[in-house]
Structures are given as structure tokens and as C-alpha cells.
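Below is one structure; the comments refer to it alone.
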Amino acid sequence: MLQSKLFTKMEKTPPRDEESLNAKLLVQAGFVQKLMAGVYTFLPLGLRVLNKIENIVREEMNNAGAIEMLMPGLQPKENWEATKRWDTFDALLKTKSKFGGEYAMGPTHEEVVYPLLKKHLASYRDFPVAVYQIQTKFRDEKRAKSGLLRGREFRMKDCYSYHASDEERDKYYDVMKNSYMNIFKRLELNAVPTNAGGGTFSELSMEFQVLCAAGEDVIYLCENCNVAVNKELSGDLAAKCPKCKDLTNEKKSIEVGNIFPLKETFAKNFNLVFKDNTGKEKLVSAGCYGLGTSRVMGAIAEVKNDDFGLIWPKSVAPYDIHLVYLKSNDRNVMAEAEKFYRKCLEADAGILFDDRDDVSAGSKFAESDLIGIPLRVVISDRTLEKESAEIKKRNEKNAGLVKLDDLDSYISKDS
């Protein structure tokens, strides 16, 4: 991508109407733009990051045997009345049609997926089934805040698994737990498995929390075992870890995912039953697995930065390489920059080429730091004198020179 063709512009100062660090950085660096409170446009750089996050989630869900689909965001009032949540779900965003009928803008999809699968699951032979989607969700938040961490419109992966028994469901719970840990490892986020059900760490209701001073949740963390319990449900677990008996520490955190059993509630609401191998009718056992993909993007921005800007993990960075050309009267400087740029494109490597002539070197470096691409390659009069390019990793302070002939070793296929 040529930076001269990137229509979005970076701001010299953080936006004054944003409180959270993730929003300040993402808006200033040109990744997102606020339309109104809790609603953001994902600009080209931001969409590339979001797509990479969602592709990682998609790959791990597929590896876990879940099947992707896409359900409607507009949901009938009748389904929410069936679950008795039309008047009790506080953040439910409702709308009326001028032709009659009331609808919910889906914050979650139990009211859709249960009646959907009722038409497809009838026998014990039909199990297990796991389905997921990655979709835009809506919540009527009273006070949308914290940038991408709490919005009125947001992206989310929700997965639902259906089983012939609670035992089968609990086994799949472990599969999903491992999948979530794989996701956060690939995202380079230290997401702490956090008990959300009270009682013991082993209960089958778990949140994945990223430690962050700006987080809205509070957890009691055992740093030896890297397990925790949510403070709201902690009971007597705040004092000692039940595994190693060491003292736990109170930490603020951001919830980026959760997994839990749905038990019988929705199955009863929609009469989702099947016949077992004896012909007896039974309620389906189910589990739910949520992960906020746009919230993950906000969490990464919140915890991976320095005084100069964002520091993206390579797995989700908008581009792998930021090639910076410094204006020169020597045509060979631009020629060498273009030569390396073409090589990257031919190798399908992710590269952003700052080819602009009307921007100073200082501004280019400042913008490069703000954007936070993992590797910066600078080609200028000074570097060309030594037949080299300057290389600097975003998460390191010092830069070094690399011979132009050796630049190819820094090209890797875009993920």
C-alpha cells in the first residue's frame, strides 16, 4: 500500500473527546474514527487489524470442529418474549417497523440459534454440533465509554455447541478452553483464565481477562498459577489460591472472552429436544463461547504501546513492514525504495510504503512510531551512501544498517 494513496490522515494530537488510551491512540493513528458515542468506523488500517484478529479466531474455531455461519442481526420480538428477556435484558436495543412489528438489534443470538437448530436436531445421532459466527452486535449502553472496550455497536464471535449429554458438553468445554488459549497466544495477549462462577476455580464458567489498569473488571490473581477469580464472585478465594495456597493479588483487567454452559433454560423456552437411543425425549445440552473481536483490538492497543504510539504484534499488525523513503534529489534513492517495495508485493508481504515527498523526515518517523508496524525500513541519501537501509524494530530502541542485498531476508509472506 502506498501511503500517498491512503486517504486517511493521522492527527498531530490525541482527540480531546476520548477518555481511554486505546481510543486516543487508534483515532490519532488513523485506525478508527468515531461516528458517535460507542460507534466507530474501522478505517483501512483498522480494518486490516480487525480482519487479522477475526481470521485467527476463525482458524481456531474451525480447528475446534465448529462450523461457521451468519445469523440475522435483526431479531423478532416474539423470540425474546419466549425467553422472557424482552423486558429484562437491560441493554437490548429495540426498534419498530413503520409497517408493524417490533424487533431487537441482536446483542447475542440464543433467541435465533435455538429455534434455528430445532429444525435440524432431532436424534442423538445428530450430535454433537457446534456453530459460530463473527458478526456486528448492538447494545443500548447507558454510557458508552472506553473506546473499543465498551461500545453500542461492536464485533463479536459467538459460538454455540449442542450435545446429547452434559458430560459431552463438558468435554467440549475443555476443547474450547484450549482454543481460546491458542487464540490469545497467537494474539500475544496474556489472557488469564478467570473463574466467573464462584465456588472453585474448576467451575465450568470462565472469563479470559487481560491485565490492564484501565480495565473495568477486578480479579484476584495467583501469579504462580496464572489463574484468577472475578472479584464479584470471589467468596473466600480472595485470600489464597486453592491450587498452590499462595496469596492472590487484586488486579484490574479487561474481559476479552468467556465460555460457559447454557444448561436447560433456552432449550426449555424453545422446546429443543431430541430422542435418545432408547427413543426417550430429552432436552439438548448446550454451551456458549463468546469473544469480542473489536474489544480484543482495543485491548491490544490499550496494553501494547509506549510514549510514541502503538506497538502491534506481528500477527495482527496492519502491515509487517513500514518502508519509509526520505526525500532526495538522487533518483537512485526512490528507485531502491521502489525496488524493495515491488519485491514485497511479489512475495505477498504486507508493506506500507511512505512514498510522500511533501512530509518531513521527523514527521514520517513520528507517524511510523504512532502507527506501530513491527519493522521500519528507511532508505535515504545517508543509507544509500553505504549501500544500505536502516532497520528498526518498533519494540526496540536502536536502529541498525543492513546491506541492500540483504533486505530480502526481512520479507515474509503476509499472514
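The values are calculated or read from the model by the stated rules, or taken from the named source; none is laboratory data. Since the model is a prediction, treat every value here as computed from it, not as a measurement. Quick reminder, even Gly has a Cβ in these numbers, built from the backbone with ideal geometry, and neighbours come from all protein chains shown.
Could you say whether any residue in region 61-81 is polar (S, T, N, Q) and farther than 27 Å from VAL210 by Cβ? Spell out the reasoning first.
Just the residues of region 61-81 that are polar (S, T, N, Q), to begin with: 62-63, 75, 79.
Next, only the ones that are farther than 27 Å from VAL210 by Cβ stay: 75, 79.
Yes, region 61-81 contains a residue that is polar (S, T, N, Q) and farther than 27 Å from VAL210 by Cβ.
Out of region 67-121, which residues are over 30 Å from GLU281 (Cβ atoms), touching a residue at least 12 places away in the same chain (Cβ under 8 Å) and aromatic (Phe, Trp, Tyr)?
Hit for region 67-121 is TYR103, nothing else.
Only residues that are touching a helix residue (DSSP H, G or I) at 6+ places or on another chain (Cβ under 6 Å) and either basic (Lys, Arg) or under 23 Å from LEU45 (Cα atoms) (or both): list them for region 326-351, please.
Answer for region 326-351, where residues must be touching a helix residue (DSSP H, G or I) at 6+ places or on another chain (Cβ under 6 Å) and either basic (Lys, Arg) or under 23 Å from LEU45 (Cα atoms) (or both): LEU326, PHE340, ILE351.
Of these, GLY46, GLY30, which one is touching a Lys or Arg at 6+ places or on another chain (Cβ under 9 Å), under 27 Å from GLY350 (Cβ atoms) and either surrounded by 15 or more Cβ atoms within 10 Å (Cβ to Cβ) or at pLDDT 95 or above (or both)?
The match here is GLY30.
Looking only at residues that are farther than 19 Å from PHE365 by Cα and polar (S, T, N, Q) in region 327-352, which one is modelled with the lowest pLDDT?
ASN329
So in region 148-185, with the set limited to residues that are polar (S, T, N, Q) and either over 22 Å from GLU110 (Cβ atoms) or not assigned by TED's automatic domain parsing to the domain that holds THR293 (or both), which one is surrounded by the most Cβ atoms within 10 Å (Cβ to Cβ)?
The first filter runs over region 148-185 and keeps only residues polar (S, T, N, Q), leaving 161, 165, 178-179, 182.
Adding the requirement that they be either over 22 Å from GLU110 (Cβ atoms) or not assigned by TED's automatic domain parsing to the domain that holds THR293 (or both) leaves 178, 182.
Working: ASN178: 13, ASN182: 15.
Going through the qualifying residues, I end up with ASN182.
When residues of region 109-126 are filtered for being surrounded by 15 or more Cβ atoms within 10 Å (Cβ to Cβ) and touching a Lys or Arg at 6+ places or on another chain (Cβ under 9 Å), how many remain?
Total meeting the criteria: 4.
Name every residue in region 347-369 that is closer than 16 Å to VAL49 by Cβ and part of a strand (DSSP E or B), in order of residue number.
ILE351, LEU352
Please tell me if PHE266 is touching a Pro at 6+ places or on another chain (Cβ under 9 Å), within 17 Å of LEU121 (Cβ to Cβ), at pLDDT 90 or above and in the same structural domain as GLU207 (by TED's automatic domain parsing).
No, not satisfied.
Yes or no: region 350-362 includes at least one residue that is among the basic types (Lys, Arg) and closer than 26 Å to LEU26 by Cα. Steps first, please.
Let us first name the residues in region 350-362 that are among the basic types (Lys, Arg), namely 356.
With the extra rule that they be closer than 26 Å to LEU26 by Cα, the set shrinks to 356.
Yes.
May I ask you to say which residue of LYS145, LYS98 is surrounded by fewer than 18 Cβ atoms within 10 Å (Cβ to Cβ) and more than 30 Å from ASN51 (Cβ to Cβ)? Quick ask: steps written out before the conclusion?
Working: LYS145 fails: more than 30 Å from ASN51 (Cβ to Cβ).
Going through LYS145, LYS98 in turn, the sole match is LYS98.
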